[in-house]
1. Within 14 Å, Cβ to Cβ, of Ser68, how many net charges do the neighbouring residues add up to if Lys/Arg are +1 and Asp/Glu are -1?
2. Given a 1.4 Å probe and the protein chains all in place, what does the accessible area of Glu38 round to, in Å² to the nearest 10?
3. Taking only protein heavy atoms into account and a 1.4 Å probe, give the accessible area per residue of the chain in Å².
4. Here are several values of Cα extents along the principal axes in Å: (1) 43, 27, 24; (2) 69, 21, 18; (3) 54, 28, 21. Which one was derived from the coordinates shown?
5. List the pairs from Lys4/Lys59; Lys7/Lys61; Lys27/Lys91; Lys17/Lys78 whose alpha-carbon separation is above 29 Å, in the order I gave them.
6. Quick one: with all protein chains in place, what share of the accessible area of the chain is carbon or sulfur, to the nearest percent (1.4 Å probe)?
Amino acid sequence: MAAKIKKGDRVVVLTGKDKGRTGAVLKVLPAENRVVVEGVNMVQRHTRPSQADPQGGIKNKEASLHLSNVAIADANGKASRVGFKIDGDKKVRIAKTTGDVI
């Protein structure tokens, strides 16, 4: 089945502490049904100093969200479900609210 949400898509968070916030998808984890969204669901991680990061310390990073808790943002910035249609000889994703190609 074709992916409804892909890397680089603009999404809206539907539930949780960041409800209503939007961001771009940084990473999709299809095996776990999760996505990482830029600037959303920030957590603090204590990191040990290493060669790559000699300072170490407490770092902020994005944690993953379940796919069911995000929706594609349509052209108006509102949450939309994703549909598919055949456009010529290609299968394209469309926003159900506006009918626009994503």
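The values are calculated or read from the model by the stated rules, or taken from the named source; none is laboratory data. Just so we're clear, the structure is a prediction, and the values are computed from it rather than from any experiment. Cβ: placed from backbone, ideal geometry, glycine included. Neighbour counts: every protein chain shown. Heads up: the accessible areas ignore ligands, DNA and RNA and are worked out on the full protein's heavy atoms, side chains in. Shrake-Rupley method; radii C 1.70, N 1.55, O 1.52, S 1.80 Å.
1. Values: positive: Lys4, Lys19, Arg34, Arg81; negative: Glu32.
Here the count lands on +3.
2. Rounded to the nearest 10, the figure is 100 Å².
3. Details: 7010 Å² over 102 residues.
Per residue, the chain has 69 Å² of solvent-accessible surface.
4. Answer by label: (3).
5. On the way: Lys4/Lys59 31 Å; Lys7/Lys61 17 Å; Lys27/Lys91 22 Å; Lys17/Lys78 18 Å.
Beyond 29 Å: Lys4/Lys59.
6. Values: 3430 of 7010 Å².
In the chain, the share of accessible area belonging to carbon and sulfur is 49 percent.
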